[in-house]
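Structure record follows, encoded as structure tokens.
The values are calculated or read from the model by the stated rules, or taken from the named source; none is laboratory data. On a predicted model such as this, the values are computed, not experimentally measured, just so you know. All Cβ positions, even for glycine, are placed from backbone atoms using ideal geometry, and neighbour counts span all protein chains on display. Ligands, DNA and RNA are stripped out before the accessible areas are found, and what is left, the full protein with its side chains, is counted by its heavy atoms. Shrake-Rupley method; radii C 1.70, N 1.55, O 1.52, S 1.80 Å.
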Amino acid sequence: MKAISIGLLGLGTVGSGVVRIVENHQDKLMHQIGCPVHIKKILVKDLSKERGVVVDRSLLTTDANDILENPEIDVVIEVMGGIEQTREYLLKAVRNKKHVVTANKDLMALYGSELLTEATANHCDLFYEASVAGGIPILRSLVEGLASDRITKMMGIVNGTTNFILTKMSKYGSPYEEVLKEAQELGYAESDPTADVEGLDAARKMAILATLGFSMNLDLDDVKVKGITEITEEDLDYSKKLGYTMKLIGIASRCGEKVEVSVQPTLLPETHPLASVNDEYNAVYVYGEAVGETMFYGPGAGSLPTATAVVSDLVGVMKNMRLGVNGRSVVAPQYKKNLKDASEIFSKYFVRLHVKDEVGVFANITSIFSEHGVSFEKILQLPLKQKDLAEIVLVTHKASLKDYEEILQKLNDYEMVKVIKSTYRVEGDGAL
Ligand code: NAP
Ligand code: HSE
């Protein structure tokens, strides 16, 4: 077999890792696929920029067509990010019969179905393992390792940046802005970190996981999202006092034919297996009816971990080339989208309120909850500096989202409640 030529779109954090792995693991790649792999061209924005890896300057270009229209290039690796322009590039790549490997969850969550259809129509592979949970081979595990099972729940930490931030804030009291900056410097955050901290990056990953795991086309809009930007030092202190750890948790669960997908800050009991997943690490629990509980753990962001997933996809493409079976691995979704409504989604909740410190207020608040059949697991009431106010922290037993939203509305309307400071989902003891 002739040498395989790669066109790389992007030479940032992940692109540099790809160059390193292709160079340093050439022997292993040769052994797996039986021919050498060369990086032929690399698209960048700025030709004069200092790079984190040594590359021959003649490989760099600012013209995407040097790759997309280059007949010598077999595989396009997209690690530049972005959505609309990148979609055009990848459509052009597969129409020009080039296989594609991408790490781009933003693109796959929005246009995955279109791109996969176009790739298949052109007998091309389009693999995207690195788009979810960095170095953890979670997508391949879902579609290959667990192909025979019916998956009922996936739950995990799928954003490295926010996990890094929450770990440093909770453990060392580090200020949010300072830790976010550190996560950017370490190459974990997106070029615009808003997507990380607002939960959108994790939501995109959960949409991809749920689509594959439940064999149902789920869109980004189907994912309920709340990020970490409103989490305060006080919330983290109360979490600790009550025996919890705060994590940004993605959940996709199926009951019968109906599914729910969400990303939100969640209080985990300190004994919960996900509570000890720290820094940029990710972990995903997958429950299958037959297999039971499985857990996947590893670095969720960063140059070499992510590039490992990218280059492993490249090996997959090359193995398919040798067998002549490219473009045949996509399986159409088996089920129609069927989302749970708010009365079918259950959880425990933490709520922190500032209330007027007067006789009867606490009783009235508890009666708002009991009108909806919701009782408490934990209760704290503390005086505040401002004399006529008290802080109440409650953890409920399980309630439907519908009941809980109505309770919040009633609390908002009750004149003795000065403000609802914060509210979070609370997970039970086990992973289930
Ligand atoms: P990055 O460090 O910002 O690198 C992006 C690279 O693409 C840079 O080399 C940049 O060129 C080039 N580029 C961007 N827009 C371009 C354009 N319009 N034309 C030409 N070149 C362009 O990003 P990254 O962290 O490597 O992430 C890349 C992709 O991988 C993203 O989709 C991201 O979501 C995904 N991902 C990242 C991680 C991670 O840990 N970082 C993990 C999993 C997935 P210049 O260098 O000249 O500016
Ligand atoms: N910004 C992403 C994260 C990169 O922090 O998880 C990995 O997808």
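Which residues in segment 253-290 have a backbone N closer than 18 Å to a point placed 7 Å from the Cα of Q184 along the Cα-to-Cβ line? It comes to no residues whatsoever. Would you mind checking which residues have amide H under 5 Å from I42's amide H? H placed 1.01 Å from N; only 5 or more apart, or other chain. Amide H to amide H, under 5 Å and 5 or more residues apart or across chains, I42 pairs with L8, L60, T61.
Given their separation in residues at 0.36 nm each and the Cα-Cα distance between them, V291 and E233 gain 16.9 nm when the chain is fully extended.
Full extension of the chain between T271 and E257 gives 1.9 nm of extra length, using 0.36 nm per residue less the Cα-Cα distance. The value given for segment 82-217 is a Kirkwood hydrodynamic radius of 16.2 Å, derived from the mean inverse Cα-Cα separation.
Check each of the GluC sites (Glu not before Pro) in segment 297-389 and keep only those in coil by DSSP with at most 12 other C-beta atoms within 10 angstrom; list them in order. Loop-located and lightly packed - E358. Here the relative contact order of segment 147-278, from alpha carbon pairs under 8 Å that lie six or more residues apart, stands at 30 percent. A simple spin-label model places pseudo-atoms 7 Å from Cα toward Cβ; at S215 and H38 they are separated by 4.3 nm.
Once the gyration tensor of the Cα atoms in segment 149-256 is diagonalised, the equivalent ellipsoid follows with semi-axes of 27, 17, 10 Å, ordered largest first. Based on protein heavy atoms only, the chain ends up with 44 Å² per residue of surface accessible to a 1.4 Å probe.
The distance from the alpha carbon centre of segment 170-245 to that of segment 302-372 is 11 Å, rounded to a whole number. DSSP assigns beta bridges within the chain; of those with both partners inside it, close to 70 percent run antiparallel. Placing a label point 7 Å from the Cα of K398 along the Cα-to-Cβ direction, none of the residues of segment 217-257 has a backbone N under 11 Å of that point. Within straight-line reach of K319, meaning a Cα separation under 19 Å, sit the following lysines at least 8 residues removed in sequence or on another chain: K2, K28, K97, K98.
Annotation: amide H of L339 within the under-5 Å range of V259, sequence separation 5 or more or interchain, hydrogens built in the peptide plane.
Just need log10 I(q)/I(0) for segment 301-396 at q = 0.17, 0.21 Å⁻¹, Debye formula, equal scatterers on the alpha-carbon atoms, no solvent, rounded to two decimals. With no solvent term, the Cα-only Debye profile gives -0.88, -1.08. Only protein atoms count toward the accessible area here, which uses a 1.4 Å probe; on the chain, the carbon and sulfur part of that area reaches 51 percent. Rounded to the nearest Hz, the phi-derived 3J(HN,Hα) couplings of segment 38-48 under the Karplus curve 6.51 cos²θ - 1.76 cosθ + 1.60 (θ = phi - 60°) are 10, 8, 8, 8, 9, 7, 9, 8, 10, 5, 8, where x marks glycine and proline.
Note on segment 198-275: semi-axes of the ellipsoid equivalent to its C-alpha gyration tensor, largest first and rounded to whole Å, are 27, 14, 8. Too long at a 20 Å Cα-Cα cut-off: which of K224/K340; K168/K240; K153/K340; K241/K356; K340/K402? Too far apart for the 20 Å limit: K241/K356.
Using equal-weight Cα scatterers in the Debye expression, the normalised intensity of segment 1-147 in log10 at q = 0.17 Å⁻¹ is -1.02. Of the GluC sites (Glu not before Pro) found in segment 1-110, those that fall in a DSSP loop while having at most 14 other beta-carbon atoms within 10 Å are E50, E69, E72. Comparing Cα centroids, segment 1-51 and segment 101-127 end up 20 angstrom apart.
When Rg and the Kirkwood radius Rh are both evaluated on Cα atoms of the chain, their ratio Rg/Rh stands at 1.03.
Under the simplified labelling scheme, the L47-E377 pair shows an inter-label distance of 6.0 nm, with each label point 7 Å from Cα along Cα→Cβ. Restricting segment 130-230 to trypsin sites (Lys or Arg not before Pro) that sit in a DSSP loop and have at most 16 other Cβ atoms within 10 Å of their own Cβ leaves R150. Computed extension length for M1-K336: 116.4 nm, one decimal, from 0.36 nm per residue of separation with the Cα-Cα distance subtracted.
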